[in-house]
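Single-structure report; data block below.
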Amino acid sequence: REYYSRMRPVVLKGGVDHWPALGRWTPEYFREKVGHAEVEIQYGRDSDPEYERNARKHKKRILMRDFVDMVIAGGDTNDYYMTAGNTRKSLEGIEPLFDDLGDYFNGYRKPDSFSLQNLLWFGPKGTFTPLHHDLTNNMLVQLYGRKRVTVYSPFQVPYLYNDKGVFSQVDVRQLNDDCFPSFRNAKPIEVILEPGDAVFIPIAAWHVVESLDVS
């Protein structure tokens, strides 16, 4: 009534306290549990200002254990990231991880979705997803590390400079009032997700996501 039907984002707490993944999912656990699996990541993003739009060009296959080592040793970087766009290709190898998940609180999900409709983002501190919107309602659950999520209401589209597909022309890290003067009228909602937190992002709500830790 207050959020879903009004297309309003909301942070929810305590809904995954019963998930084994909370407290269990770490880079080291991924290495131990599914380290042998070949997964797909985005790689070489730093060399391409439009890395998100050109995601297909940046796909790379790698063993999960090697990717874990990259994430741990690489420090603060946006150069490589396992994203939702990669996971479907890798699902066979990492599906045992999803045994550690379940319903969100009680009655949010259909039971047959527990293992079939999960997506995974895993990467180092510093990964950055630029301003865009999605074509579905999403629940983003944070299980390890922290993320900064900045959301703009879908009703603010006139200020957001929709460019190609779901992306904006605006780089929120390097704002240019001369090129995008209307963007100053956009009113963001910014939250920091801690482990165990979830944020509901309504369909068509524009958002930016930044990892503040290995996440």
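What follows is calculated from the coordinates using simple rules that are stated; it is not laboratory data. Predicted model, so just to flag it, every value in this text is computed and none were measured. All Cβ positions, even for glycine, are placed from backbone atoms using ideal geometry, and neighbour counts span all protein chains on display.
Per the helix-only calculation at 222 nm, which mean residue ellipticity applies to the chain, given -39500 (n - 2.57) for every DSSP H run of n ≥ 4 and division by its residues, nearest 500 deg cm²/dmol?
Taking each H run of at least 4 residues, the total per residue is -4000 deg cm²/dmol.
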Once both label points are put 7 Å beyond Cα along the C-beta direction, the R184-L116 separation in nm becomes 5.1
Pick out which of P202, P181, P27 has the largest mean-square fluctuation in a Gaussian network model of the chain, springs linking Cα atoms closer than 10 Å.
P181
Per-residue HN-Hα couplings for region 165-177, Karplus 6.51 cos²θ - 1.76 cosθ + 1.60 at θ = phi - 60°, whole Hz, x for Gly and Pro?
x, 9, 9, 9, 6, 7, 9, 5, 7, 9, 5, 10, 5
Who wins for biggest fluctuation among K59, K110, K147 in a Gaussian network model of the chain, springs between alpha carbons below 10 Å?
K110
Using 7 Å Cα-to-Cβ label points, what is the D171/D103 separation (nm, one decimal)?
4.6
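What's the extension gain from D69 to M139 if we count 0.36 nm per residue and subtract their Cα-Cα distance?
Values: separation 70, 0.36 × 70 = 25.20 nm, distance 2.81 nm.
Gain on extension, D69 to M139, equals 22.4 nm.
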Restricting to lysines and to Cα separations under 18 Å from K57, and discarding same-chain partners fewer than 8 apart, the set is K89, K164
Counting pairs of alpha carbon atoms under 8 Å apart in space and at least six apart in sequence, what relative contact order in percent does region 42-137 give?
36
For the chain, what's the relative contact order in percent, using C-alpha pairs closer than 8 Å and at least 6 residues apart?
29
The alpha-carbon center of region 1-36 and that of region 113-127 are separated, in whole Å, by 9
Log10 I(q)/I(0) at q = 0.22, 0.24 Å⁻¹ for region 91-193, from Debye over equal alpha-carbon scatterers, is -1.27, -1.39
Could you grab the relative contact order for region 119-196? Cα pairs under 8 Å, six or more apart, rounded to a whole percent.
44
What label, among (i) 1.08; (ii) 1.20; (iii) 1.02, belongs to Cα Rg over 2.2 N^0.38 Å computed from the structure on display?
(iii)
